[in-house]
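Chemist: The following block contains the structure, expressed as structure tokens.
The values are calculated or read from the model by the stated rules, or taken from the named source; none is laboratory data. Worth saying up front: this structure is predicted, and the values here are computed from it rather than measured. Don't worry about glycine lacking a Cβ; one is built from the backbone with ideal geometry, like all the others, and counts go over all protein chains shown. Protein only, heavy atoms only, side chains kept; ligands, DNA and RNA dropped before computing areas. Shrake-Rupley method; radii C 1.70, N 1.55, O 1.52, S 1.80 Å.
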Amino acid sequence: LQTNKCLRMADVDVVFPNNKKTKVAVGSSLKDAAKKAGFSPNYGCEEGKCGSCELKVNGKQKIRPCIGKVPNLPSPIKLEE
């Protein structure tokens, strides 16, 4: 017998360049997470084309919060300008 369960992605701590930390679900909007943490990225086009809001994830890969999702990485995830 199978049950119908909603699977929810894990919550992770995301630390923004303003050193504010917020707990959000993996796969959720980075733009919403930034707002929740009181961080305002340097948005330009807000379509992911210009790169003005680009942040480093844990000092390595880059992500654009205007269109990006919270990555599935070990907590805490540190975002840097």
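Chemist: Given the rule -39500 (n - 2.57) for each run of at least 4 DSSP H residues, summed and divided by the residues of the chain, what is its mean residue ellipticity at 222 nm, to the nearest 500 deg cm²/dmol?
Modeler: Numbers: 1 runs with 7 residues, N = 81.
It lands at -2000 deg cm²/dmol.
Chemist: Continuing with this model, one more query. Can you match Rg/Rh (Cα atoms, Kirkwood Rh) to one of these, (1) 0.95; (2) 1.05; (3) 1.19, based on a calculation from the structure here?
Modeler: (2)
Chemist: Just the number, please: carbon plus sulfur as a percent of the accessible area of the chain, 1.4 Å probe, no ligands or DNA/RNA counted. Write down the numbers at each step before the final one.
Modeler: Working: 2650 of 5520 Å².
On the chain, the fraction of accessible area on carbon and sulfur atoms equals 48 percent.
Chemist: Separate question: Leaving out ligands, DNA and RNA but keeping every protein chain, what accessible area does Ile63 have, in Å² rounded to the nearest 10, with a 1.4 Å probe?
Modeler: The value for Ile63 is about 30 Å².
Chemist: May I ask you to list the trypsin sites (Lys or Arg not before Pro) in the range 15-81 that are in a DSSP loop and have at most 12 other Cβ atoms within 10 Å of their Cβ? Intermediate results must be reported in sequence, preceding the final value.
Modeler: Values: sites: Lys20, Lys21, Lys23, Lys31, Lys35, Lys36, Lys49, Lys56, Lys60, Lys62, Lys69, Lys78; in loops: Lys20, Lys49, Lys60.
Of the trypsin sites (Lys or Arg not before Pro), the ones in loops of the range 15-81 whose Cβ has at most 12 other Cβ atoms within 10 Å are Lys49, Lys60.
Chemist: For Lys56, list the lysines whose Cα falls under 29 Å from its own Cα; do not include residues on the same chain fewer than 8 positions away.
Modeler: Candidates past the 8-residue exclusion: Lys20, Lys21, Lys23, Lys31, Lys35, Lys36, Lys69, Lys78.
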